[in-house]
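All remarks here apply to the structure that follows.
No lab work stands behind these numbers, since they all come straight from the coordinates. Only a predicted model underlies this, so the values are computations on that prediction, with no experimental measurement involved. Quick reminder, even Gly has a Cβ in these numbers, built from the backbone with ideal geometry, and neighbours come from all protein chains shown.
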Amino acid sequence: MKPTKATITFDNGATPIELPILTGTLGNDVIDIRTLGKHGIYTYDPGFMATASCSSAITYIDGEQGILLHRGYPIEQLAENCDFLEVSHLLLHGELPNAEQKMDFTSRINGHTMLHDQLTNIFRGFRRDAHPMAVMIGVVGSMSAFYFDSMDVYNPEHRMISAYRLLAKMPTIAAWSYKYNLGQPFMYPKNKFNYAENFMHMMFATPCEDYVPNQILAKAFERILILHADHEQNASTSTVRLVGSSGANPFASVSAGIASLWGPAHGGANEATLTMLEEIGDVSRIDEFIKRAKDKSDSFRLMGFGHRVYRNMDPRAAIMRKTCYEVLAELGLQDDPMFKLAMALEKIALEDEYFVSRKLYPNVDFYSGIVMRAMGIPNSMFTAIFALARTAGWIAQWSEMNSDPEHKIGRPRQLYTGEAKRDFVPINLRD
Ligand code: ACO
């Protein structure tokens, strides 16, 4: 029988404290420690290794088994059968849309893809060589200065308008960050394309030529978007929730999420993986880099390997690995030296005792970087595309938080390790 209560006892004879244990639909039970503060007791958990920061009905991960469910549906089934907007609808509204709902949702998103024209001035304020993530953080943050008509976070209708705006405009913002780098004209969204095709059009088309998206690549891109759409309380999603918990507007909250995603330990890993492969350069140098990854005095880590939650193959990585082979075959790139190097690295790491004993498997970013590179997407855009996909999860989680009656401003405690109280010393008497 599962326990329903936990008791904290103290070795100084203080009265024990009884705490309820909460049970979700799936996964680990959690001890509800919210009342501990009333007893002057706090818990210590840097990095949230064992802390559930919220309750959520959106995504479930079983890291030991390698399972990922969105609203109960396995990621494998969603990636195989859905398009990205259906998955976004599922995350945001709780159910896959029926045919009529899908048409309505798609047309609402299509109806919001253009940016306020003055936003082009914000792009033009950046250096030409600015990283697309830096541009995205700035432009998304500045949306709060353009779309303030519907920013009352306590109004469900306003929340939905802002959520739709973010989902609809993010491909335009990501693609324009790239176009600005290139010095090419911004391409306006075209409603005849689906979400994935439209992004590819805004990335790759120019006004001089008609653009016809390659269907295999568009499908692969759609899959990348679906696989990155949400992943429960990861660093960037927790950032969006924490920023939003103070009542901050959705554009500011999502801009903070993009900033968090940029780090190489999180979404920046796809770009870092390719940079690492370029640095390794040749199969003959893999051993040297594996040795460095194991050396605790060296800060180098094998990028694209390991995950905080998965201690088994990341199910998204398994799907992306398959897509990787499909895309490279379509493009005739099976013999591409970078791909061969990546596959050799994957094989060696999967057999190496250090990685096996720590359950460090290749993660989704290891393969998505290779796919995007093969599609002609530059390394600097990899994390921007992750941000574009994760926007679906961020707005769903932000919206869930704001409609949760239990939600409070996020305000962790700390274990203070600084100086105890001391008196001011005038400057002429200081050592
Ligand atoms: N290369 C070498 N060693 C590693 C790696 C790696 N990529 N990842 C973890 N380890 C080792 C650690 O040194 C540690 O070893 P120890 O037990 O001997 O001290 C052990 O494996 C456990 O690692 P932690 O750092 O404690 O695991 P944590 O859960 O904190 O970190 C993380 C997870 C950040 C993803 C880490 O594996 C990493 O840095 N990987 C590379 C970056 C990456 O690919 N990030 C993408 C994550 S997926 C995503 O965001 C979609």
P(r) tail for segment 91-195, what percent of Cα pairs lie past 18 Å? 53
Can you list the chymotrypsin sites (Phe, Trp or Tyr not before Pro) in segment 221-316 that are in a DSSP coil and have 15 or fewer other beta carbons within 10 angstrom? Phe300
Taking every C-alpha to C-alpha distance in the chain and binning by 10 Å from 0, the per-bin percentages run 4, 19, 29, 24, 15, 6, 2, 0, 0
Dimensionless Rg ratio for segment 2-64, taking C-alpha atoms and the 2.2 N^0.38 Å reference: 1.29
For segment 237-274 and segment 400-429, what is the separation of their Cα centres, given in Å? 22
Using a Förster distance of 51 Å, the FRET efficiency for Ala57-Phe186 (Cβ separation, nearest 0.05): 0.85
Which number comes out as Rg/Rh for segment 61-128 once both Rg and the Kirkwood Rh are worked out on C-alpha atoms? 1.18
Using alpha carbon coordinates only, what is the Rg to Rh ratio of segment 299-349, with Rh defined as the Kirkwood radius? 1.01
Can you find, among Val283, Met375, His307, the residue sitting farthest towards the positive end of the charge dipole of segment 279-393, where Lys and Arg contribute +1 and Asp and Glu -1 at Cβ? His307
Share of alpha-carbon pairs per 10 Å distance bin for segment 178-254, given as whole %: 17, 30, 30, 20, 3
Specify which residue in the list Tyr188, Leu92, Asn12 is farthest towards the positive end of the charge dipole of the chain, using unit charges on the beta carbon of Lys, Arg (+1) and Asp, Glu (-1), about the Cα centre. Asn12
Label model pair Val212, Met1: point-to-point distance (7 angstrom along the Cα→beta-carbon line) in nm is 7.0
Per residue convex hull volume, Cα only, segment 368-431, in Å³ is 260
Summed side-chain charge close to Ile17 - residues other than Ile17 whose Cβ falls under 13 Å, Lys, Arg +1, Asp, Glu -1: +1
Please give the calculated 222 nm ellipticity per residue for the chain, where each DSSP H segment of at least 4 residues contributes -39500 (n - 2.57) and the sum is spread over every residue; nearest 500 deg cm²/dmol? -15000 deg cm²/dmol
Suppose every K and R has +1 on its Cβ and every D and E has -1 on its Cβ; what is the size of the dipole of segment 148-212 about the Cα centre, in Debye to the nearest 20? 60
Between Val425 and Ser299, Cβ-based FRET efficiency (R0 35 Å, step 0.05) works out to 0.35
Longest exposed-site-free window of the chain, the sites being GluC sites (Glu not before Pro) in a DSSP loop that have at most 16 other C-beta atoms within 10 Å: 210-405
Pick out, in residue order, every one of the trypsin sites (Lys or Arg not before Pro) in segment 152-226 that is DSSP loop and has at most 12 other C-beta atoms within 10 Å; say none if there are none. Lys192
Once you have the alpha carbon radius of gyration of segment 321-429, what is it after dividing by 2.2 N^0.38 Å, with N set to its residue count? 1.85
Rg/Rh for segment 149-279 to two decimals, with Rh computed the Kirkwood way over all alpha-carbon pairs. 1.00
Magnitude of the Cβ-charge dipole (Lys and Arg +1, Asp and Glu -1) of segment 326-375 about the Cα centre, nearest 20 debye, reported as 160
Would you list Cys208, Cys82 from fewest to most Cβ contacts within 10 Å? Cys208, Cys82
Convex hull (Cα only) mean projected area of segment 51-91, reported in nm² to one decimal: 3.4
Run the dipole for the chain about the Cα centre, Lys and Arg Cβ at +1, Asp and Glu Cβ at -1, nothing else charged, and hand back the magnitude in debye, nearest 20. 880
Do the alpha carbons of any pairs in Lys179/Lys219; Lys2/Lys38; Lys102/Lys192 sit beyond 19 Å of each other, and which pairs? Lys179/Lys219; Lys2/Lys38
